[in-house]
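Only one structure is covered here, and it is reproduced in the block below.
The values are calculated or read from the model by the stated rules, or taken from the named source; none is laboratory data. Predicted, not measured: the structure shown is a model, and the values here were computed from it. Neighbour counts run over all protein chains shown; Cβ positions are idealised from the backbone, glycine included.
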Amino acid sequence: AQSVTQLGSHVSVSEGALVLLRCNYSSSVPPYLFWYVQYPNQGLQLLLKYTSAATLVKGINGFEAEFKKSETSFHLTKPSAHMSDAAEYFCAVSDGGTSYGKLTFGQGTILTVHP
Amino acid sequence: DTAVSQTPKYLVTQMGNDKSIKCEQNLGHDTMYWYKQDSKKFLKIMFSYNNKELIINETVPNRFSPKSPDKAHLNLHINSLELGDSAVYFCASSFPGQGYYEQYFGPGTRLTVT
């Protein structure tokens, strides 16, 4: 079974500050890992994905994440927060073809950006 | 040129009624999914279809019946609606690609049962 834990249901930063959203996973097989963003009343948009290639993954809107197998982590970062980054962020894990890509999601982290 | 679309976007109905939600994707994907997002924003998979065949059924009550008439469509029919069915239902589709099944989500259907 796979699971994802997102530490911190709410993160608040000032505009221009570093954004760090934490994600730890559990998987019995090499995982595929994803970060999705959900803006209010909208669907989920893929920010970035780890697919066993490079451990440092760059995504859209200036976000990146680093896969650390020893720490079973896949934390999301952005050097400088923008007001438009305010949204809810979900980390998800999949074992790929074994379960046809079924995603197991974390609980979500709401990011608030203050001016 | 919407990739994954769902209808309706909002659905308000009374307990005991039967309702359907429709999903269509124009990405040419083989695999489609239904996810439920509850009031605490927790997302959980309900069903998955691959080439019109059911491949994942995550212990969802049998009042929920998905149907895939073709690869591009996956509908969700719910019988005897209960208050606890109130949630946002997301459809998604994916292509195996290099094995990781990158999923594309629809805009969601907000179901409110009164």
Some residue of the stretch B:15-31 being buried (at least 19 other Cβ atoms within 10 Å of the Cβ), within 11 Å of chain A (Cβ to nearest Cβ) and in a strand (DSSP E or B): yes
Residue check for residue B:103: touching a strand residue (DSSP E or B) at 6+ places or on another chain (Cβ under 6 Å), polar (S, T, N, Q), at pLDDT 95 or above and surrounded by 14 or more Cβ atoms within 10 Å (Cβ to Cβ): no
Residue that is at the interface with chain B (Cβ under 9 Å from one of its Cβ atoms) and modelled with pLDDT of 95 or more, where the choices are A:101, A:108, A:96: A:108
Some residue of the stretch B:57-76 being in contact (Cβ under 8 Å) with a residue 12 or more places away in the chain, within 13 Å of another protein chain (Cβ to nearest Cβ), closer than 16 Å to residue A:94 by Cα and part of a strand (DSSP E or B): no
Selection count, the stretch A:96-115, where residues are closer than 18 Å to residue B:94 by Cα and either of a type in the set (Ser, Thr, Tyr) or surrounded by 22 or more Cβ atoms within 10 Å (Cβ to Cβ) (or both): 8
Any hit, the stretch B:37-49, residues being more than 30 Å from residue A:1 (Cβ to Cβ) and either more than 10 Å from chain A (Cβ to nearest Cβ) or not in a strand (DSSP E or B) (or both): no
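Yes or no, residue by residue, for (1) part of a strand (DSSP E or B); (2) within 12 Å of chain B (Cβ to nearest Cβ):
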| position | (1), (2) |
| --- | --- |
| A:5 | yes, no |
| A:24 | yes, no |
| A:28 | no, no |
| A:34 | yes, yes |
| A:40 | no, yes |
